[in-house]
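Notes follow once the structure below has been shown.
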Amino acid sequence: MSRIFLKGCEAIAEAAVRSGCRFFAGYPITPQNEIPEYLSRRLPEVGGTFVQGESEVASVNMVYGAAQTGTRAMTSSSSCGISLKSEAISFCASARIPMVYANIARGGPGIGSIHPAQQDYMQATKASGNGGFRMMVFAPATVQEAVDMTYAAFDYAQRDRNPVLILADGVLGTIMEPVVLPELRSEQEVKALKDAQRDWALVGHNPADGRAFIKPGRWSTLDQEQACKDNEALYASWENDVQVEEYLVDDAQYIITAYGISGRIAKSAVNKLRAEGILVGLIRPKTVSPFPYGAIEQLDYSRVKAILDVEMSIPAQMVFDVKLAVKDRCPIHTCLRSGGEIMSREKIVEAVRALAQ
Amino acid sequence: MKQVYKRTETFQENMVSGFCPGCMHGTVFKLIGEVLEELNIVNRTAVVLGVGCCGLAMEYITYDNTTSPHGRACAVATGIKRANPDTVVYTYQGDGDLAAIGLAETLSAANRGENFTVIFVNNGIYGMTGGQMAPTTLVGMKATTAQNGRNPKEHGYPMHMCEILNQLTAPTYLERCSCNTPANVIKTRKAIRKAFQNQLDNKGFSLVEIVTSCPTNWGLDAMESLKFLEEKMLPEYPLGVFRDR
């Protein structure tokens with residue numbers, strides 16, 4: 001398979017098409033504009049549809065509609081634009097509609113800055129809308145991972161009939177890297193994926209055979225409670241879907257926890273510190289939901305002296321999940337940037353050196 | 001004996017409607033059902049229900065249905081129709097849904113000339129939430145959030161959606177009807193049929209506004225509501241065809 005040179009946003013968009021995405025609606029916001037721009041020309045080439053919505057709100061509702069027909073559908077935005085999508089994402093989770101969306105995150109809160117940040121962790125993993133639903137959330141650290149995760153995201157979404165989020169950031173969205181793209185699914189495969197959902201999909205049924213009845217809400221509170229229980233069972237099943245990179249942790253006295261672009265920068269810091277003889281390792285969640293609590297929980301705390309949580313968010317957010325796993329067995333420190341300022345290897349290196357002294 | 005009238009098969013059997021006495025939602029859904037049967041498209045139709053009293057219909061109808069977030073029905077319908085053009089798609093929205101929270105989605109879908117049908121039920125007030133002021137509430141009309149009546153200096157004037165949409169180039173068909181008399185019910189039925197036929201002919205955006213009553217939140221009985229509709233609502237919302245091409 002040949003490697004090609006692609007910008008992160010365009011790679012995500014192409015991976016979506018190759019996975020069978022045939023509908024995209026989006027609205028301009030930096031730094032994710034290359035996703036809708038790319039798909040506006042690419043989707044018609046494969047018989048798909050691109051719509052520029054009048055807002056993030058309208059765009060995600062178009063996806064909510066398109067996905068109800070069984071069509072693989074996607075939207076994307078950045079941070080404050082993702083907030084606007086929350087209501088419809090919650091509707092998708094309630095009605096169990098499979099769809100994929102990408103957050104090419106920027107600084108916040110509010111309109112924040114257009115530069116890369118990781119300040120949407122809590123929103124992405126804990127409360128992406130009202131009602132306490134959850135989603136699988138993938139956090140790529142390279143353009144290749146963004147491609148592979150986007151491609152797989154549609155399969156997870158369809159398997160679970162639930163939204164899936166790609167949580168990237170402005171660095172990954174705008175850098176160019178060589179990637180290997182997965183195979184483009186054939187039109188027959190894409191059609192088969194859609195037809196497999198025909199029973200529940202909103203495409204028009206003969207009433208005698210049973211109608212499609214999409215339920216983002218229920219008049220009966222007992223029915224709604226049952227739906228919540230069904231959702232809970234789904235979320236519990238993700239135990240087997242956890243993805244995590246554990247790098248040089250076996251003998252490590254210091255563990256860095258970091259996801260996405262911070263995780264990638266932290267890995268280079270680990271290499272530099274190891275050359276200095278400092279026994280440091282990295283735990284990088286690739287799924288931040290479900291979170292790899294086990295990888296952190298099972299560390300040997302007679303050896304591990306401290307954890308350094310590295311994030312591009314002030315205050316830190318993922319650190320709360322790290323704390324849940326550490327259970328007070330060692331000190332947890334943070335190394336943070338925020339607001340669009342990018343983490344540097346030197347800052348992490350200095351933070352670990354300070355711990356090791 | 002020759003059967004000249006029957007219950008539409010698009011209603012579930014043994015189901016009692018929860019619409020209030022004097023409410024016209026039941027009439028409108030019946031007319032839609034009859035048209036879908038006439039055009040033989042029940043088995044390829046999907047309705048996007050707005051939020052409010054019309055959402056009750058999800059329990060009554062026999063064909064494919066979904067519920068949109070409040071105001072977003074035209075965006076949801078855009079997604080369904082574009083992703084699956086063979087499906088006959090219509091939205092069913094009240095005035096708060098279509099003209100307040102969903103104004104951007106309504107205007108934008110109309111401006112793109114989306115090929116689906118909009119049934120817009122205008123009773124000048126929020127029903128399910130309990131009689132709050134709508135964009136269509138008449139000047140002087142009391143609402144639970146305008147207890148001294150709608151005051152133009154504070155609240156502006158009633159919005160006329162057919163007239164506003166008629167400023168756009170793309171829409172195909174815009175008509176305002178009512179269900180206050182048997183003659184007007186027949187006219188409404190014809191308008192609904194045309195709005196669906198346009199979609200089958202790929203002609204683009206069709207909207208039928210139906211001026212209706214809300215006895216419960218108007219604080220009137222069913223007959224008084226009809227009188228109010230004729231004397232107050234219809235002068236503000238004149239019936240007729242605004243666009244047909």
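The values are calculated or read from the model by the stated rules, or taken from the named source; none is laboratory data. Because the structure is predicted, anything quoted here is derived from the model rather than measured. Quick reminder, even Gly has a Cβ in these numbers, built from the backbone with ideal geometry, and neighbours come from all protein chains shown.
Out of the residues in the stretch B:38-66 meeting the condition of being within 8 Å of chain A (Cβ to nearest Cβ) and polar (S, T, N, Q), tell me which one is surrounded by the fewest Cβ atoms within 10 Å (Cβ to Cβ). It comes out as B:Asn43. Does A:Thr150 satisfy being touching a strand residue (DSSP E or B) at 6+ places or on another chain (Cβ under 9 Å), in contact (Cβ under 8 Å) with a residue 60 or more places away in the chain, crowded, with 22+ Cβ neighbours inside 10 Å and among the hydroxyl-bearing types (Ser, Thr, Tyr)? Answer is yes for this residue.
Any idea which of A:Ala212, A:Ala208, A:Ala266 is under 30 Å from B:Cys53 (Cβ atoms) and touching a strand residue (DSSP E or B) at 6+ places or on another chain (Cβ under 7 Å)?
When all the criteria are applied, what remains is A:Ala212.
Go over the candidates B:Phe11, B:Phe29 one by one and state the one that is more than 14 Å from chain A (Cβ to nearest Cβ), in contact with a helix residue (DSSP H, G or I) (Cβ under 7 Å, 6 or more places away or on another chain) and of a type in the set (Phe, Trp, Tyr).
Selected residue: B:Phe29, the only one of B:Phe11, B:Phe29 that is more than 14 Å from chain A (Cβ to nearest Cβ), in contact with a helix residue (DSSP H, G or I) (Cβ under 7 Å, 6 or more places away or on another chain) and of a type in the set (Phe, Trp, Tyr).
Of the residues that make up the stretch B:173-181, is at least one in contact with a Cys (Cβ under 6 Å, 6 or more places away or on another chain) and touching a residue at least 40 places away in the same chain (Cβ under 8 Å)? Yes, the stretch B:173-181 contains at least one residue that is in contact with a Cys (Cβ under 6 Å, 6 or more places away or on another chain) and touching a residue at least 40 places away in the same chain (Cβ under 8 Å). Condition check for A:Glu311 on (1) under 27 Å from A:Ile104 (Cβ atoms); (2) in contact with a helix residue (DSSP H, G or I) (Cβ under 8 Å, 6 or more places away or on another chain); (3) surrounded by fewer than 20 Cβ atoms within 10 Å (Cβ to Cβ): one failure, at (3). Of the residues making up the stretch A:75-102, those that are among the polar types (S, T, N, Q), under 16 Å from A:Tyr27 (Cβ atoms) and either in a helix (DSSP H, G or I) or more than 11 Å from chain B (Cβ to nearest Cβ) (or both) are A:Ser76, A:Ser77, A:Ser78, A:Ser79, A:Ser83, A:Ser86. Regarding the stretch A:321-330, can at least one residue be identified that is in contact (Cβ under 8 Å) with a residue 60 or more places away in the chain and either assigned by TED's automatic domain parsing to the domain that holds A:Gln119 or out of contact with any Leu (no Cβ under 6 Å at 6 or more places or on another chain) (or both)? Yes: one or more hits. Only one of the listed residues (A:Leu172, A:Leu165) is closer than 23 Å to A:Gly107 by Cα, crowded, with 24+ Cβ neighbours inside 10 Å and in contact with a Gly (Cβ under 7 Å, 6 or more places away or on another chain). That residue is A:Leu172. Of the residues making up the stretch A:23-74, those that are in a loop (DSSP other than H, G, I, E, B), more than 7 Å from every other protein chain (Cβ to nearest Cβ) and in contact (Cβ under 8 Å) with a residue 40 or more places away in the chain are A:Tyr27, A:Ile29, A:Thr30, A:Pro31, A:Gln32, A:Val46, A:Gly47, A:Gly70, A:Arg72. Tell me which residues, restricted to the stretch B:100-115, are surrounded by fewer than 24 Cβ atoms within 10 Å (Cβ to Cβ), more than 29 Å from A:Gln197 (Cβ to Cβ), more than 9 Å from chain A (Cβ to nearest Cβ) and not β-branched (Val, Ile, Thr). Selection gives B:Ala100, B:Leu103.
Quick one: which residue in B:Val76, B:Val35 is out of contact with any Asp or Glu (no Cβ under 8 Å at 6 or more places or on another chain), under 19 Å from B:Leu207 (Cα atoms) and within 9 Å of chain A (Cβ to nearest Cβ)?
On the way: B:Val35 fails: within 9 Å of chain A (Cβ to nearest Cβ).
Every option except B:Val76 fails the conditions.
Specify which of the listed residues (B:Glu175, B:Glu154, B:Glu163) is closer than 15 Å to B:Val241 by Cα and surrounded by fewer than 18 Cβ atoms within 10 Å (Cβ to Cβ).
Testing whether each residue is closer than 15 Å to B:Val241 by Cα and surrounded by fewer than 18 Cβ atoms within 10 Å (Cβ to Cβ) leaves just B:Glu163.
Residue-level check: of (1) at the interface with chain A (Cβ under 7 Å from one of its Cβ atoms); (2) closer than 30 Å to B:Gly219 by Cβ; (3) surrounded by fewer than 24 Cβ atoms within 10 Å (Cβ to Cβ), B:Thr87 misses just (2).
Against the test of being closer than 20 Å to B:Asn84 by Cα and at pLDDT 95 or above, the options A:Glu183, A:Glu187, A:Glu177 yield a single qualifying residue, A:Glu187. Determine whether A:Glu225 is farther than 30 Å from B:Ile41 by Cβ, more than 11 Å from chain B (Cβ to nearest Cβ), in a helix (DSSP H, G or I) and not basic (Lys, Arg). Taking the combined requirement at face value, the residue satisfies it. Residues being closer than 25 Å to B:Pro158 by Cα and in contact (Cβ under 8 Å) with a residue 60 or more places away in the chain are entirely absent from the stretch B:67-78.
For A:Ala16, are the conditions met, namely being farther than 21 Å from B:Gly79 by Cα and away from chain B (no Cβ under 14 Å)? Considered against the rule, which asks whether it is farther than 21 Å from B:Gly79 by Cα and away from chain B (no Cβ under 14 Å), A:Ala16 comes out as no. Which one of these does B:Phe120 not meet: (1) assigned to a helix (DSSP H, G or I); (2) closer than 22 Å to B:Val35 by Cα? With (1) assigned to a helix (DSSP H, G or I); (2) closer than 22 Å to B:Val35 by Cα applied to B:Phe120, the lone miss is (1). The single condition from (1) at positive phi; (2) in contact with a strand residue (DSSP E or B) (Cβ under 7 Å, 6 or more places away or on another chain) that B:Ser206 fails is (1).
Give the number of residues within the stretch A:154-171 that are within 19 Å of A:Phe24 (Cα to Cα) and either of a type outside the set (A, V, I, L, M, F, W, C) or over 9 Å from the mean Cα position of the chain (by Cα) (or both).
8
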